[in-house]
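Since every read-out is calculated from the coordinates, none of them should be taken as a lab result. Keep in mind it's a predicted model, so treat the numbers as computed, not measured. All Cβ positions, glycine included, derive from the backbone under ideal geometry; neighbour counts span all protein chains shown.
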Amino acid sequence: MREKNIYSGHIVDLGCGSGILAKNMADNGYTITGVDLSQDMITLAKRKVPNVHFVTSSFYSIDIPPCKVVTATGECFNYIFEDSYAMSIIKDLFGRIYNSLTTRGLFIFDFAMPGRVLSSKKNNWKQNNWEMEVEHHEDEHSKALTRKIKLKVHTQNGVKEGQEIHQLQLFEKDELKSILIEVGFIPKFVNGFGSFIFPFEYGYGGFVAEK
């Protein structure tokens, strides 16, 4: 963002998860609104960054407030299963994001492509009072990815455990690039953001799209 001379202002973080990116941006002086469908993730995010405004909602239905930047990391746009349905609602979402941004505003997101599980089939994360295990299985014919997530949170009242199974549609970069151009963005495909390079050799990418 600073490469584009955006040093302050409002950022909307879609699919904010446990608030890792929101905390980083808030610590650097930005005003953040975080949005996530999972109440468990929003609870973790509020504990991590209590001074940030978090909303439990689907980003496909929420009214996106005016902002300088919209971020969406963690492959959140892949969380749709039907091809035709996926692309129609993604186009609508990208259009609403475009309309929410100020002139020269940025839309920054990553996404999973075919071949995603070649680089990782199982991942584990631990941070403070929570643990997460994620297993992947990819169907190369339907370009679908099944993701099983196990979450364990340690609280004063004991350990809270949960499990979710997510279905993802994998996208080719050219189909997303076409939608970005169609709604008005100038997109640039990237293999990382700033000095951060994506830690996956295959099946992963991102866009920095300017209004």
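Over the stretch 60-211, Cα pairs under 8 Å with separation of 6+ residues give a relative contact order of 28 percent.
Taking each DSSP H run with n ≥ 4 as -39500 (n - 2.57) and averaging over every residue of the chain yields -7000 deg cm²/dmol at 222 nm. The GluC sites (Glu not before Pro) found in the stretch 122-211 that occupy coil by DSSP, while having at most 14 further C-beta atoms within 10 Å, are Glu140, Glu172, Glu201. Extending 7 Å from Cα along the Cβ direction at Asn28 and again at Ile165 yields two label points whose distance is 3.9 nm.
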